[in-house]
Amino acid sequence: EKGTYAHYMLKEIDEQPFVIRNIIQQYQDEQNEIKLSKDIRKAVGNADRIYIIAAGTSYHAGLVGKELLEKVAGIPVEVHIASEFLYNQPLLSEKPLFIFISQSGETADSRGVLVNVKKAGLPSVTITNVPGSTLDREADFALYTYAGPEIAVASTKAYTAQMAVLSILAMDAAIAKGIDTDFDAIHELSIVANAIEVLTDAKDEMEQIARDYLLETRNAFFIGRGFDYHVVQEGALKLKEISYIQAEGFAGGELKHGTIALIEDGTPVIALATQQSVNLNIRGNLQEVVSRGANPCVVSMDGLNRKGDNVVIPKVHDYLTPLASVIPLQLISYYAALHRGCDVDKPRNLAKSVTVE
Ligand code: F6R
């Protein structure tokens, strides 16, 4: 039930700190060690390459999952859109492991790939929010996101939950491989949960940004680099699916290779700048659009934007910034849709789970 909330989407955005804390509990044993089945550990340990298969928002979580598994555990990962993989399979490594990411566990394109994977006798893990769903039942192993039912068509808490579980999986794989990592997913996730709480409390600020930047516009651009690039793709998807504003997420460095031609006086550009290693680069990209008239809004941990608005997110581990930086983007999308009179929980032309190809 949505209780006092006007929409499920807002309720589900607000649930994210609890979801992260619940995941921490579910994946920790009494000795504060990561609790994961030996079989999954073995499957990950045996793989020479992981293939992540997903669609939509779950695909965006997969992009972050790749970074985590590669950076923390040193396992090469490819992320594929399920519908593409299904009809255009790339060359596989010798010992692949397939990870399906799906909130519903029913997405037809992903199910199609799993059928082929099973026919080929290759191992599979599903990360899903719905125990007993098709992808859960048919994969060799399953991990749950414990986010509780997600009712709003636009996925929010399922996305952060998927990334949280992927961070735990990455850390577990690192430990199993004897890699000396100082990334403590559980500890860092508890910091993230607190950060999300701070961000979900900043609703008035996000509502104002939605009004100032997105009430009248036909389009909006999101830019970022590294982890931020993955999050801006999700931010753009959120905005377009519920507010019908044409929005795209771009890699900051790609702008000058074409897209910058679209920047006009007043074009809203939301930049994510949470990654220390590329902060100067993304700030340079921001300059490029501002000097062509863009109306910039920057989401960062330091709030150093000199023109336009700043959204400051609390300090979290570099690898987990997506779980925090997506929160303002979810809220801005929500308020943009609300004030443009859109049906937030049931956007036109969309279904919660896409069970046909
Ligand atoms: C976006 C959204 C969709 C789903 C996609 C995959 O907000 O909800 O893009 O993420 O249809 O669905 P699942 O995760 O159920 O496989």
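The values are calculated or read from the model by the stated rules, or taken from the named source; none is laboratory data. For clarity, every value in this text was computed on a predicted model and none was experimentally measured. Positions of Cβ are generated from backbone atoms using ideal geometry, with glycine treated the same way; all protein chains shown enter the neighbour counts. The accessibility values were calculated without ligands, DNA or RNA, using every heavy atom of the protein model including side chains. Shrake-Rupley method; radii C 1.70, N 1.55, O 1.52, S 1.80 Å.
Points to keep in mind about this one:
- Matching entry among Ser333, Ser325 (being within 13 Å of Phe227 (Cα to Cα), among the small types (Gly, Ala, Ser) and assigned to a helix (DSSP H, G or I)): Ser325
- Residue in the stretch 204-211 that is surrounded by fewer than 17 Cβ atoms within 10 Å (Cβ to Cβ), out of contact with any strand residue (DSSP E or B) (no Cβ under 9 Å at 6 or more places or on another chain) and in contact (Cβ under 8 Å) with a residue 24 or more places away in the chain present: yes
- Residues that are in contact with a Ser or Thr (Cβ under 8 Å, 6 or more places away or on another chain), more than 9 Å from the ligand (Cβ to nearest atom) and open to solvent by 20 Å² or more (accessible area, probe 1.4 Å), drawn from the stretch 110-135: Arg111, Lys118
- Of all residues in the stretch 58-83 being part of a helix (DSSP H, G or I), within 14 Å of the ligand (Cβ to nearest atom) and open to solvent by 10 Å² or more (accessible area, probe 1.4 Å), the one that is nearest to Leu143 (Cα to Cα): Ser58
- Candidate set from the stretch 266-310 (those that are hydroxyl-bearing (Ser, Thr, Tyr) and outside any helix (DSSP H, G or I)); member that is farthest from Leu331 (Cα to Cα): Ser291
- Each residue in the stretch 231-265 was checked for being part of a helix (DSSP H, G or I) and open to solvent by 20 Å² or more (accessible area, probe 1.4 Å), and 12 pass.
- Condition met for Ala152 (under 21 Å from the mean Cα position of the chain (by Cα), modelled with pLDDT of 95 or more, among the aliphatic types (A, V, I, L, M) and not in a loop (DSSP other than H, G, I, E, B)): no
- Residues of the stretch 9-35 that are aromatic (Phe, Trp, Tyr) and open to solvent by 60 Å² or more (accessible area, probe 1.4 Å): Phe18 alone.
- Filter result (open to solvent by 20 Å² or more (accessible area, probe 1.4 Å), part of a helix (DSSP H, G or I) and closer than 23 Å to Tyr51 by Cα) within the stretch 160-202: Met171, Ile175, Ala176
- Taking each residue of the stretch 237-264 that is closer than 16 Å to Val153 by Cβ and polar (S, T, N, Q) and looking for partners that are open to solvent by 40 Å² or more (accessible area, probe 1.4 Å) and more than 14 Å from the ligand (Cβ to nearest atom) with beta-carbon atoms closer than 6 Å, six or more apart or interchain, yields Ser243/Arg340.
- Residue among Ala337, Ala271 that alone is crowded, with 24+ Cβ neighbours inside 10 Å, touching a strand residue (DSSP E or B) at 6+ places or on another chain (Cβ under 9 Å) and touching a residue at least 12 places away in the same chain (Cβ under 8 Å): Ala271
- Screening Tyr51 on (1) free of Cβ contacts under 8 Å to residues at least 40 places away in the same chain; (2) away from the ligand (no atom under 14 Å from the Cβ); (3) not in a helix (DSSP H, G or I) shows it passes everything except condition (1).
- Among the residues making up the stretch 99-109, those that are more than 6 Å from the ligand (Cβ to nearest atom), open to solvent by less than 10 Å² (accessible area, probe 1.4 Å) and either of a type in the set (Gly, Ala, Ser) or touching a Gly at 6+ places or on another chain (Cβ under 8 Å) (or both) are Ile99, Ile101, Gly105.
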